[in-house]
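First up is the structure itself, then whatever we jot down about it.
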């Protein structure tokens with residue numbers, strides 16, 4: 001069985017894509033299993049591996065004249081297309097979660113994203129019997145119909161929708177830290193251009209490079225992770241100084257008892273994209289964009305009230321025993337001076 | 001893809017362009033690490049640059065190979081000379097990189113350079129000598145084809161030595177990286193034997209560099225600062 005020259009290029013690029021992603025998954029630091037983004041990212045890697053696998057098998061069948069070649073090529077192409085739909089869907093979820101950081105927001109959105117994808121997946125399965133989206137010639141060469149191009153366009157609409165989601169989020173004043181969709185979209189678009197303008201497929205390779213870039217851009221945030229609490233560590237102050245910031249106030253929470261319970265309450269009571277630094281074993285600093293004392297007190301009291309309720313139920317060793325102080329920044333002070341006011 | 005190019009050349013050029021794209025991204029994503037100023041961070045940057053040079057010359061070689069240019073013989077020979085030197089230098093730097101990553105002792109790495117540099121130096125002398133002797137590779141003007149000469153495999157002697165040292169170094173440092181390193185080299189050898197012709201060396205090196213950086217990122221960025 002000899003492989004057609006143009007298939008050779010496709011197989012090469014697909015094997016490279018698989019190698020890149022397998023290496024990424026095997027060597028990379030184990031992500032936080034509680035974070036949905038970790039699971040979604042892993043699913044996207046799996047999706048791209050399946051796309052590359054399907055593509056490579058279909059390419060290897062091209063030009064062969066055995067009886068089993070056409071059904072194998074059709075099945076492989078269907079796997080690749082289904083995996084592409086799955087990956088695009090996961091991408092939407094990933095962008096949503098990275099922007100809003102909320103499981104509730106994700107739960108509200110995932111059905112909405114899934115309906116068109118589910119319909120397209122069903123259509124692809126029906127296609128195996130009817131060939132109304134694509135079929136294979138006797139030599140296992142892909143023969144797409146106009147429906148195939150509609151399908152591709154819809155998948156692209158999903159990518160465009162992710163750009164729109166980000167723009168809407170930023171327009172509403174959302175904060176984007178360590179997350180950009182550009183590192184993924186640029187290689188994906190380049191890979192698609194190669195797919196559309198040549199006889200070779202480099203789409204899976206583009207997706208794989210995109211995911212690697214995404215991983216690296218997110219990994220920048222690791223320097224600021226406080227692994228134990230899930231908040232930022234002290235190094236995040238340098239990041240705020242470097243990037244500029246508009247934080248005018250700070251609340252210093254101090255627990256005399258259980259800190260793990262306090263961390264849960266802080267996460268539940270304060271806004272999702274809050275900047276909270278785990279300063280030392282017992283102290284947490286919550287930075288606010290307002291310098292109005294009543295607003296700062298209101299936010300701090302949300303935590304204090306929840307802690308009081310907790311401490312009513314649990315006493316002694318289980319109690320949190322919270323105290324807090326707040327500080328505002330004067331016009332001459334910078335964020336580092338505000339920080340030291342809070343911790344000294 | 002482009003006028004006179006065959007599938008082999010097109011495949012090579014696609015992979016070389018992807019390599020340059022990937023490595024350019026890596027320059028951006030590793031900028032924070034370079035600011036730390038560790039020996040390994042500096043070596044890593046030089047490896048990226050050397051691999052970009054390798055990908056560039058590799059792509060141009062395949063581009064010229066099937067072009068109608070009259071001077072293509074000289075261009076390809078010069079290109080392959082640069083490519084081969086870049087390849088040897090990258091392998092040498094990889095060994096230094098892992099030596100530092102393993103011990104984190106600058107003095108040891110400096111001592112190690114004095115021994116480890118020799119296979120690379122001898123290989124470079126041999127490659128440069130080929131410009132006058134043509135015993136490794138040359139362009140046959142009569143047939144218009146590129147010829148790998150009798151002693152071509154000597155280019156790989158230094159590479160095999162460095163890969164051998166690296167296998168020990170990576171095994172000691174991180175078993176998962178070791179497995180993926182073996183897998184990448186295995187893929188390269190397998191593809192070369194099954195599919196041949198398409199040159200994926202710069203891309204495989206780029207993938208290895210990506211893996212090396214991921215391995216490094218697993219450790220604490222502020223490790224030395226924090227003591």
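Of note:
- Wholly within segment B:148-227, helices (runs of 4 or more DSSP H) carrying at least 1 residues that are within 30 Å of residue B:128 (Cβ to Cβ), at pLDDT 85 or above and more than 8 Å from chain A (Cβ to nearest Cβ): B:155-173, B:175-194, B:201-217
- Any chance residue A:285 is surrounded by 12 or more Cβ atoms within 10 Å (Cβ to Cβ) and within 29 Å of residue A:35 (Cα to Cα): yes
- Single residue of segment A:38-54 satisfying the filter (under 18 Å from the mean Cα position of the chain (by Cα) and within 14 Å of chain B (Cβ to nearest Cβ)) that is nearest to residue B:187 (Cα to Cα): A:49
- Residue match in segment A:249-260 (condition: buried (at least 16 other Cβ atoms within 10 Å of the Cβ) and within 14 Å of chain B (Cβ to nearest Cβ)): no
- Flag if residue A:167 is surrounded by fewer than 13 Cβ atoms within 10 Å (Cβ to Cβ) and either out of contact with any strand residue (DSSP E or B) (no Cβ under 8 Å at 6 or more places or on another chain) or assigned to a helix (DSSP H, G or I) (or both): yes
- Any chance residue B:110 is within 22 Å of residue B:161 (Cα to Cα) and touching a helix residue (DSSP H, G or I) at 6+ places or on another chain (Cβ under 7 Å): no
- Residue list for segment A:223-244, restricted to those being closer than 20 Å to residue A:331 by Cα and surrounded by 17 or more Cβ atoms within 10 Å (Cβ to Cβ): A:237, A:240
- Odd one out for residue B:44 among (1) within 27 Å of residue B:108 (Cα to Cα); (2) within 11 Å of chain A (Cβ to nearest Cβ); (3) buried (at least 18 other Cβ atoms within 10 Å of the Cβ): (2)
- The number of residues in segment A:4-37 that are at pLDDT below 75 and facing chain B (nearest Cβ under 7 Å) comes to 3.
- Checking each residue in segment A:58-100 for being out of contact with any helix residue (DSSP H, G or I) (no Cβ under 8 Å at 6 or more places or on another chain) and assigned to a loop (DSSP other than H, G, I, E, B) picks out A:64, A:65, A:66, A:67, A:68.
- Test: residue in segment A:187-205 that is in the same structural domain as residue A:14 (by TED's automatic domain parsing) and farther than 30 Å from residue A:63 by Cα: no
- Consider segment B:9-41 and keep the residues that are at pLDDT below 80 and assigned to a helix (DSSP H, G or I). The one that is nearest to the other protein chains (Cβ to nearest Cβ) is B:32.
- Any hit, segment A:55-73, residues being within 14 Å of another protein chain (Cβ to nearest Cβ), in contact with a strand residue (DSSP E or B) (Cβ under 9 Å, 6 or more places away or on another chain), at pLDDT 80 or above and surrounded by fewer than 23 Cβ atoms within 10 Å (Cβ to Cβ): yes
- With respect to the conditions (1) within 14 Å of chain B (Cβ to nearest Cβ); (2) outside any helix (DSSP H, G or I); (3) touching a helix residue (DSSP H, G or I) at 6+ places or on another chain (Cβ under 9 Å), residue A:138 falls short on a single one, namely (1).
- Test: residue in segment A:197-204 that is surrounded by fewer than 22 Cβ atoms within 10 Å (Cβ to Cβ), in contact with a helix residue (DSSP H, G or I) (Cβ under 6 Å, 6 or more places away or on another chain) and more than 10 Å from chain B (Cβ to nearest Cβ): no
The values are calculated or read from the model by the stated rules, or taken from the named source; none is laboratory data. Small disclaimer: the values here were computed from a predicted structure and weren't measured. For neighbour counting, all protein chains shown are included, and Cβ atoms are generated from backbone atoms with ideal geometry for every residue, glycine included.
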